[in-house]
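The values are calculated or read from the model by the stated rules, or taken from the named source; none is laboratory data. Keep in mind the model is a prediction, meaning the values are calculated, not measured. Reconstructed Cβ throughout: ideal geometry from the backbone, glycine too, with neighbour counts over all protein chains shown. The area values use the complete protein model at the heavy-atom level, side chains included, leaving out ligands, DNA and RNA. Shrake-Rupley method; radii C 1.70, N 1.55, O 1.52, S 1.80 Å.
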Amino acid sequence: MDFDAVLLPPRRAASVAQGFWFDRTINDDLDACVAAYPDKLALTAIQVEGGAASPATTRFTYRELSAMADRVAIGLARLGIGRNDVVAMQLPNGWQFTVTYLACSRLGAVLNPLMHIFRERELSFMLQHGGAKLMIVPKTFRGFDYEQMLEGLRSSLPELQHLVVVGGSGANSYEALLSGPAWENEPDARDILTRHRPGPDDITQLIYTSGTTGEPKGVMHSANTVMANIVPYAERLHLGSDDVVLMASPMAHQTGFMYGLMMPIMLRASAVLLDLWEPKKAVEVIRSEGASFTMASTPFLNDLARTVAETGQAVPTLRTFLCAGAPIPGPLVEQARSVLGTKIVSAWGMTENGAVTLILLDDDDSLAFTTDGCPLPGVELKVVGDDGAELPRGQAGKLLVRSVSNFGGYLHRPQWNNTDAEGWFDTGDLAFMTEAGYIRISGRSKDVIIRGGENIPVFEVEALLYKHPAVAQVAVVAVPDERLGERACAVVVPKAGQTLTLPEVVDFLKAQKVALQYIPERLILREAMPATPSGKIQKFKLREIVREMVAAGQI
């Protein structure tokens, strides 16, 4: 695979000279962990899936984690995986996720993490566009057969040479091909593990972000770009080797990948992974494992605070909860501070650059629900009007970011990089900056709904619904939701003589193999859409209509 990461070379010299690019990879950090703390607990993976009273728990010291990464790396090499080959992986949080990334890094292969919610429609595009050579899936997760789905797609994916199944029973199982045999004892093991180690500017991660252009975009990151974010992030949060990082947010998102997989290794700390979010189990795990930090979206914080309040099971070790993905309601911050005794930190970021802004640990609690934080070191922000001129503090406009952690570009789509010659990236978000230099996201110029931290690609869902025989016009807009922040609502003008129900919408989109989280959860039928004189649907008016209906209890 050739990676057209055109945004990296122009800023290399300055980023290194300023001390923001460290010119190291995760290999260097893992090797340092083994040298300094070989017997320290590195990773605890707790498998909640299945609902057992005592979930399966797997633990690795740093010595064991490195040895397993080496083993899996050689197994991948035996399957023909080498430098710049893309390994796609649709796994829930678990030790195989962490180990596979570390194994790919040994070989110079590129990991393409994919959310477990994706189905045929999303996967067929991403696997083809990214040129994945090998795909790793669970046999089943949450009652869904991933192996069967991928087998059905293989005929349309000529570059996909191998399908590896975690928990599989056949010759293609992860255990049989990768983690079982003692590959590290083979005569050529050392050569395989060292001859193609990637450099800090090589692409290490390809991750897709929900698109508003009609297709997802493949974000390319190098070790330098992700580490340039993780180091100042950890420093601002005062995180170090004594911390235990709990990660229940999906590791196929940057939240889980950067701060649940990479950061603990970079800190020489310990990570605890949960494959499913179950609040009571999360409380038990925080208490038993001594978790001191976690990062997740607002629903997780709401669930945790409620569960601790209801059960009386305190979580005294949890010092910090970083909440991102949607605004945090003020009452929730106050409740969480009171019930959990935990500092609540607001933040804002994107797949393209990781966390961009965070409040400080000694900031007043009110800043967690009135702002989205101030820039990390190495990050510049400006708010501009439609003419590109910078706006005064307090005035909302387009948010631009120039950051040392900015991505390398969109794979095969450099025309969409949204980055000017001076390195300013147009985030697509609207914001204003306070006099103190903190930002507040005030809207989105992108037409995206954020459901529990998960972006819903509105354009794609609307395009599919227009294919329904009863639909004349459709617009998908956000419905406010106390727990998830937003849910999707389909507003439909039916064709003459036709009608439509929500179950029919759901069944239709399921038949199109759309991710379940993308399917609208509300339906409003109208005789006409609010529109401009040219006929363009006025979504801002639809949003107002929906909010009024929610307030009146009509939906």
Matching residues in the stretch 287-328 (within 21 Å of Phe257 (Cβ to Cβ) and not hydroxyl-bearing (Ser, Thr, Tyr)) number 14
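Yes/no matrix, rows are residues, columns are (1) under 30 Å from Val333 (Cβ atoms); (2) without any contact (Cβ under 8 Å) to a residue 12 or more places away in the chain; (3) part of a loop (DSSP other than H, G, I, E, B); (4) not β-branched (Val, Ile, Thr):
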site: Pro469; (1), (2), (3), (4): no, no, yes, yes
site: Gln473; (1), (2), (3), (4): no, no, no, yes
site: Val477; (1), (2), (3), (4): yes, no, no, no
site: Ala488; (1), (2), (3), (4): yes, no, no, yes
site: Val493; (1), (2), (3), (4): no, no, no, no
site: Leu500; (1), (2), (3), (4): no, no, yes, yes
site: Pro503; (1), (2), (3), (4): no, yes, no, yes
site: Val506; (1), (2), (3), (4): no, no, no, no
site: Lys513; (1), (2), (3), (4): no, no, yes, yes
Taking the stretch 259-273 and keeping only residues that are of a type outside the set (S, T, N, Q), touching a strand residue (DSSP E or B) at 6+ places or on another chain (Cβ under 7 Å) and under 12 Å from Cys33 (Cβ atoms), one is left with Pro264, Ala269, Ala271
**Message:** Among the residues in the stretch 370-384, are any loosely packed, with under 14 Cβ neighbours inside 10 Å and more than 20 Å from the chain's Cα centre (by Cα)?
**Reply:** yes
All-but-one check, Cys104 against (1) open to solvent by less than 20 Å² (accessible area, probe 1.4 Å); (2) touching a Pro at 6+ places or on another chain (Cβ under 7 Å), failing number (2)
Residue set Leu430, Leu411; condition under 19 Å from the mean Cα position of the chain (by Cα), at pLDDT 85 or above and either within 27 Å of Thr357 (Cβ to Cβ) or of a type in the set (Ser, Thr, Tyr) (or both); output residue Leu411
Given the conditions (1) part of a loop (DSSP other than H, G, I, E, B); (2) in contact with a Ser or Thr (Cβ under 8 Å, 6 or more places away or on another chain); (3) open to solvent by less than 30 Å² (accessible area, probe 1.4 Å); (4) not aromatic (Phe, Trp, Tyr), every one holds for Gly75 apart from (1)
Q. Taking the condition in a strand (DSSP E or B) and at pLDDT 95 or above, does Val226 pass?
A. no
Considering residues that are in a helix (DSSP H, G or I) and within 17 Å of Gly260 (Cα to Cα), the number found within the stretch 334-355 is 0
Just one listed residue, out of Leu8, Leu30, is in contact with an Asp or Glu (Cβ under 9 Å, 6 or more places away or on another chain), within 21 Å of Gly199 (Cβ to Cβ), in contact (Cβ under 8 Å) with a residue 24 or more places away in the chain and surrounded by 20 or more Cβ atoms within 10 Å (Cβ to Cβ), and it is Leu8
Filtering the stretch 309-339 for residues that are over 25 Å from the mean Cα position of the chain (by Cα) and open to solvent by less than 10 Å² (accessible area, probe 1.4 Å) leaves a count of 1
